[in-house]
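Single-structure report; data block below.
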Amino acid sequence: MIKSKWIKISALLMSGILTVPAAACSQKGSSAGNSSSGTVAETETKAAETDEETVSTETSDPETETAAIETEAAFPETEAVETETEEETEIETTNTISSGTDNEHAIEVDGTEASYSNVLVTKTGDGEGDEADFYGENAAILAENGAMLTLSEVIVQTDGTHANAVFSYGDGTTINISNSSIETSGNCSGGLMTTGGGTMNASDLTIHTTGNSSAAIRSDRGGGTVNVTGGSYTTEGTGSPVIYSTADITVNEAALKSTASQGVVVEGKNSVTLNNVTLTADNNTKNSNKSEWYQAVMIYQSMSGDAAQGEAYFTMNGGSLTNINGDIFFVNNTVATITLENASIVNEDADGVFLRAAAAGWGKEGSNGGKVNLKAVNQVIDGDIIVDEISAVNIYLTDGSSLTGAVNAANQGEVYIEIESGSTWVLTGDSYITSLTCEADAIDLNGYTLYVNGTAYTAGTTSDGSAITF
């Protein structure tokens, strides 16, 4: 995992780069990306080769001088920053590319190949609405129209609304980013953003967002494919999960932490897969009044048109999930498959439940419950499962899995439980299910009553039932 230990940007370098007009940093409209790789690269090289102690930073262009002052004010730390971390790895930048103009980019790659390394990218200025969220307007770095962009040892800082850091848009567009650091401070400003079928491949990043609605790993309309390996990803804003998925997102061996929002949100016919990931979620602030519950992982369909309707998937292989407040999983207004294999899952909220499938403020009232296939493979599940009157859950315990908790204690929704030989269920309260498949020794009633389709289950008996069809 790479973290920025120190960043040193000289006053000369900052002013030298800022003398390039914003349009010269953009590759949009150029036949081979020469606008950025030519004009900007030449300016950066000249700045890097200049002795910063002997060359004046004065400019005869008052507009450029103003831009330099404004950018330095927005990012006062870029001249010399010392940030101590647990890692001794450092990112040393030699060039700076900046944009302080609303709706523009520091780097834009349109339909061609480009690469940047050891660059500090700063972005101020605001964007708005769909143009920013769906198509990348105002992003610090944008790749589109089949572009191939490679970024390594870059530092990206944005300060503005709808100022996403690194944005991949459109089918055939790919961004590969590694060993880099990203920080955004404005609202609606994600770290990694993928839409319209784009691809994002990231490894060993440090991402920190502080604005509202600013997921560290984010997608929007049209989705795409996101692969993340290693690194540290932290969010602090309201409505800012570490991962917000309207895409197919896979994260491997990374540390994820949210301090106000869910850890992960999956919307619609999309997926999140976590492999040996450490996830800590503290959802303690409401982003809307559509749900009364807090949770670590939320799977839903908003009906906004940003995500296709269909089955959503959340998969966790190994690793750990620690929930600080509320429930572990919440499913609303969609069909979802949750697959858990040998993951350590701990709920520090004694009043929270393991899974809640229930209606909330999204979708059509009366048909907006949650439909869930919960698959446990060599998995410990500790906590209750709540199912409201318009929701349904199929639970599969396999490969030595265990469930300790009450299921559908309010006797509202439909539940099927299938317990493979070697797996167990220990009740912690009276439970009501629709159908059951199990061996004779699978269930420990623990002094409580299990009702199967209205009839009390007799301990030590086998059962053969059928799953609920959604």
Reported set for region 428-456 where residues are of a type in the set (D, E, K, R) and either at positive phi or part of a strand (DSSP E or B) (or both) is 444
Taking region 115-125 and keeping residues part of a strand (DSSP E or B) and either at pLDDT below 95 or not hydroxyl-bearing (Ser, Thr, Tyr) (or both) leaves 119, 120, 121, 123
Checklist line | Flag for residue 419 being within 22 Å of residue 368 (Cβ to Cβ) and either in contact with a strand residue (DSSP E or B) (Cβ under 8 Å, 6 or more places away or on another chain) or not assigned by TED's automatic domain parsing to the domain that holds residue 330 (or both) | finding: no
Of the residues in region 357-396, those that are in a strand (DSSP E or B) and closer than 20 Å to residue 448 by Cα come to 381, 382, 385, 386, 387, 395
Reported set for region 158-180 where residues are touching a Lys or Arg at 6+ places or on another chain (Cβ under 8 Å), in a strand (DSSP E or B) and crowded, with 24+ Cβ neighbours inside 10 Å is 158
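So that you can scan it fast, the table gives a plain yes or no per residue for (1) farther than 18 Å from residue 343 by Cβ; (2) out of contact with any Gly (no Cβ under 9 Å at 6 or more places or on another chain); (3) modelled with pLDDT under 95; (4) among the small types (Gly, Ala, Ser):
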position: 237; (1), (2), (3), (4): yes, no, no, yes
position: 247; (1), (2), (3), (4): yes, no, no, yes
position: 254; (1), (2), (3), (4): no, no, no, yes
position: 264; (1), (2), (3), (4): no, yes, no, no
position: 278; (1), (2), (3), (4): no, no, no, no
position: 283; (1), (2), (3), (4): yes, no, no, no
position: 295; (1), (2), (3), (4): no, no, no, no
position: 306; (1), (2), (3), (4): yes, no, yes, no
position: 313; (1), (2), (3), (4): no, yes, no, no
Screening 463, 431 for residues that are over 33 Å from the mean Cα position of the chain (by Cα), over 25 Å from residue 343 (Cβ atoms) and surrounded by 14 or more Cβ atoms within 10 Å (Cβ to Cβ) leaves only 463
Residue hits (region 97-132; among the acidic types (Asp, Glu) and surrounded by fewer than 24 Cβ atoms within 10 Å (Cβ to Cβ)) are 102, 104, 110, 113, 126, 128, 130, 131
Just wondering, is there one or more residues in region 144-152 that are surrounded by fewer than 19 Cβ atoms within 10 Å (Cβ to Cβ), small (Gly, Ala, Ser), farther than 18 Å from residue 99 by Cα and more than 18 Å from the chain's Cα centre (by Cα)? yes
- request: Assess whether residue 418 counts as being closer than 20 Å to residue 355 by Cα and charged (D, E, K, R).
  value: yes
Among 269, 257, 286, the single one that is surrounded by fewer than 21 Cβ atoms within 10 Å (Cβ to Cβ) and not assigned by TED's automatic domain parsing to the domain that holds residue 372 is 257
The lone condition residue 425 fails out of (1) within 30 Å of residue 305 (Cα to Cα); (2) part of a strand (DSSP E or B) is (1)
Taking the criterion of being more than 23 Å from the chain's Cα centre (by Cα), assigned to a loop (DSSP other than H, G, I, E, B) and closer than 13 Å to residue 167 by Cα, would at least one residue in region 105-114 satisfy it? yes
Residues of region 202-212 being in a strand (DSSP E or B), surrounded by fewer than 24 Cβ atoms within 10 Å (Cβ to Cβ) and free of Cβ contacts under 8 Å to residues at least 60 places away in the same chain, in sequence order, are 203, 208
Pairs returned, first residue in region 287-307 that is under 17 Å from residue 387 (Cα atoms), second residue that is at pLDDT 95 or above and among the hydroxyl-bearing types (Ser, Thr, Tyr), beta-carbon separation under 8 angstrom, 6 or more apart or interchain, are 299/334; 300/334
Only one of 199, 250, 225 is in a strand (DSSP E or B) and either outside the structural domain of residue 162 (by TED's automatic domain parsing) or on the phi > 0 side of the Ramachandran plot (or both), namely 250
| message | Criterion first (more than 22 Å from the chain's Cα centre (by Cα), outside the structural domain of residue 134 (by TED's automatic domain parsing), surrounded by fewer than 18 Cβ atoms within 10 Å (Cβ to Cβ) and farther than 19 Å from residue 431 by Cα) does residue 378 satisfy it? | response | yes
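The values are calculated or read from the model by the stated rules, or taken from the named source; none is laboratory data. Small disclaimer: the values here were computed from a predicted structure and weren't measured. Neighbour counts run over all protein chains shown; Cβ positions are idealised from the backbone, glycine included.
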